[in-house]
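*Asks:* Below is a structure I'd like to ask you about.
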Amino acid sequence: MPDTQKIGIDAVAVHVPKYFIDLKTLAFANQVDPDKYTIGLGCRRMAVAAPDEDPVTMAVRAATTLLKNYSINPRDIGMLIVGSESGVDGAKPIASYVHGMLGLPSCCRSFDTKHACYSATAGLRMASDWCAVRSASTGKKALVIATDVARYSVGSAGEPTQGAGAVALLIGPDARVLEFDLYPEAVHTEEVMDFWRPSYRSTALVDGDASINSYLDSLVHTYSLYQKASDLDINRYDHLLFHVPFPKMAYKAFSRLYELEVSQRRNGVAPLKQEYAARTEPSLWANRELGNIYSGSLYLSLAGLIERSTDPISGKRAGLFSYGSGSCGEYFSGRLGTDPQAWKGRTGIEEGMKRRVELDYRKYLEFRWAGERLAYEGSYFEELIDPAVRSDGIAFLGIRDHQRIYATYNVSRDRDSEPAKPAQREVPVFNSL
Ligand code: CAA
């Protein structure tokens, strides 16, 4: 491995939406055997975005938790990248709203990345390269946020694999959460029509079988490239984390790698189920609770692992596979931070889980329709959000004069940061509710 500067994920925080629906409730409404969703797909619950939540508000919530829980001064952020499949505007990036609402310094590069669920990984890898060149001389770090609302049509095969949420990652040389191994890149790009969302639709379209096959092909390509470059075999990874569109997909992915290792007759491997239970299953609990959060789903697994692993994981090696339909996949690895006090209890997942409220099927439909209606011009005047279902901290109130209107309240700021600048002049800032 080349002797290069240490870089990695220095902090991770998650926004867990307040509302969820149980998959058994959804199965009952769809007249499907619940075992198909819970055993066949491995799902348990899925987060539902509140009517006043959108990718912008979720990104701000995740980043606010990160800045607060890890005591990060916003002045130290020199680059902001938002990875999302759920873009809210054809031109203006989510990053510019987030930049304004967080009060980040003006000398901060900000932009969005898009490649379906690979979006945030594209941002993360770019941010790592930037930090390797800039951080030592400037002390600046990069903030990468994955934020998505995953919606398929009501009653479709994809519906049980929906979800919502955001993950914020701080990238820098301290690498308290995950220090990247600096092996050559293992990336695979191939044009495939497996999952897409035309700009006139709020719900994604998917060819289920093609998407699963493309995911697994991409995994084999990237893992094999990485194996060749690093000479790491499956036994050298204590944890294997995957993009998780639904938890059973992580099992399919692990099984494929296992077959690959067995076919290459590498060093002895334990039975498949035992290996899977040790290396992948402990990272999946949060994915079972939130569902597919698209670009953040791999990093939700990472946060879930570091928060709830019952075995000591400090210093252990994790392999990570990111897949974005369309398609681009990347495999990389790193060492989990040696000091659990630096990250345990700081991701915000546990607090988010405690605040959750269950929806029945009727409310779930109401929430998604209300959210979709807010995406149109004039919705600000029509749609008054019922305070009973308001999210905490920041709310999307609809569109007026073709501009998105947000209200922020109780969003904690670092007192030393630059003064708060509303993302646009019309943003009402509430000090309390
Ligand atoms: N009890 C237990 N298991 C049952 C069951 C029952 N009563 N009924 C069915 N099952 C099992 C099936 O055997 C199957 O298991 P295996 O895959 O292990 O064979 C599983 O449940 C699913 O059943 P089907 O294959 O019949 O399900 P489906 O065709 O209706 O839908 C899906 C499955 C294609 C994944 C669909 O949910 C979908 O389209 N999801 C969105 C696309 C997606 O997530 N693709 C993943 C790769 S793409 C990607 O990763 C990017 C991204 O984020 C979207």
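*Asks:* Which far-off residues, 5 or more places away or on another chain, put their amide H under 5 Å from the one on Ile7, with H placed in the peptide plane?
*Replies:* Hits under the 5 Å cutoff: Phe180.
*Asks:* I need the P(r) histogram for the chain: all alpha carbon pairs, bin width 10 Å from 0 out to the longest distance, whole percents.
*Replies:* 5, 23, 34, 26, 11, 2, 0
*Asks:* Would you mind counting up the charge near His239? Only other residues with Cβ under 15 Å from its Cβ, with Lys and Arg at +1 and Asp and Glu at -1.
*Replies:* On the way: positive: Arg236, Arg279, Arg308, Lys316, Arg317, Arg335; negative: Glu179, Asp181, Asp233, Asp238, Glu275, Glu281, Glu307, Asp311.
So the environment of His239 carries a net charge of -2.
*Asks:* For Asp231, Asp89, give the ranking by accessible area with the largest first, probe 1.4 Å.
*Replies:* From most accessible down to least: Asp231, Asp89.
*Asks:* Between rounded, prolate and oblate, where does segment 211-256 land on the alpha carbon gyration tensor, with a ≥ b ≥ c its root eigenvalues, rounded for a/c under 1.5, else prolate if a/b exceeds b/c?
*Replies:* oblate
*Asks:* Also, quick follow-up: With label points built 7 Å along Cα→Cβ from the Cα atoms of Val357 and Glu185, find their separation and express it in nm.
*Replies:* With each label point 7 Å from Cα toward Cβ, the separation is 4.5 nm.
*Asks:* Tell me the label-point distance for the pair Ala136, Lys68, using the 7 Å Cα-to-Cβ offset, in nm and rounded to one decimal.
*Replies:* 3.6
*Asks:* Another question about this same structure. Quick one: which residues, 5+ away or cross-chain, put their amide H under 5 Å from the amide H of Val88? H built at 1.01 Å from N.
*Replies:* Ile94
*Asks:* Let me ask something else about it. I need the shape label for segment 4-129. Rule: rounded when a/c is under 1.5, else prolate if a/b > b/c, else oblate, with a, b, c from the alpha carbon gyration tensor.
*Replies:* On the way: a/c = 2.17, a/b = 1.96, b/c = 1.11.
Judged from the Cα gyration tensor, segment 4-129 comes out prolate (a/c at least 1.5, a/b above b/c).
*Asks:* 5 Å is the cut-off here: which amide hydrogens, built 1.01 Å from N in the peptide plane, fall below it relative to Ile77, excluding neighbours closer than 5 in sequence?
*Replies:* Those lying under 5 Å, H to H, from Ile77 are Lys141.
*Asks:* Would you tally the net charge around Ile313, using a Cβ to Cβ cut-off of less than 12 Å, leaving Ile313 out, and scoring K and R as +1, D and E as -1?
*Replies:* For residues surrounding Ile313, the net value is +2.
*Asks:* Please list 3J(HN,Hα) in residue order for segment 6-20, calculated via the Karplus relation 6.51 cos²θ - 1.76 cosθ + 1.60 where θ = phi - 60°; whole Hz, with x for glycine and proline.
*Replies:* 5, 9, x, 8, 8, 7, 9, 9, 10, 9, 9, x, 6, 10, 8
*Asks:* With 25 Å as the limit, write out which pairs from Lys273/Lys344; Lys24/Lys363; Lys273/Lys316 have Cα-Cα distances beyond it, or answer none.
*Replies:* Check vs 25 Å cut-off fails for Lys273/Lys344.
*Asks:* For segment 334-346, in order, what is each residue's ³J(HN,Hα) by Karplus, 6.51 cos²θ - 1.76 cosθ + 1.60 with θ = phi - 60°, in whole Hz (x at glycine and Pro)?
*Replies:* Once rounded to whole Hz, the list reads x, 9, 5, x, 7, 10, x, 5, 6, 9, 5, x, 10.
The values are calculated or read from the model by the stated rules, or taken from the named source; none is laboratory data. Source: prediction; values computed, not measured. Heads up, the Cβs are rebuilt from the backbone with ideal geometry, glycines too, and the neighbour counts pull from every protein chain shown. Heads up: the accessible areas ignore ligands, DNA and RNA and are worked out on the full protein's heavy atoms, side chains in. Shrake-Rupley method; radii C 1.70, N 1.55, O 1.52, S 1.80 Å.
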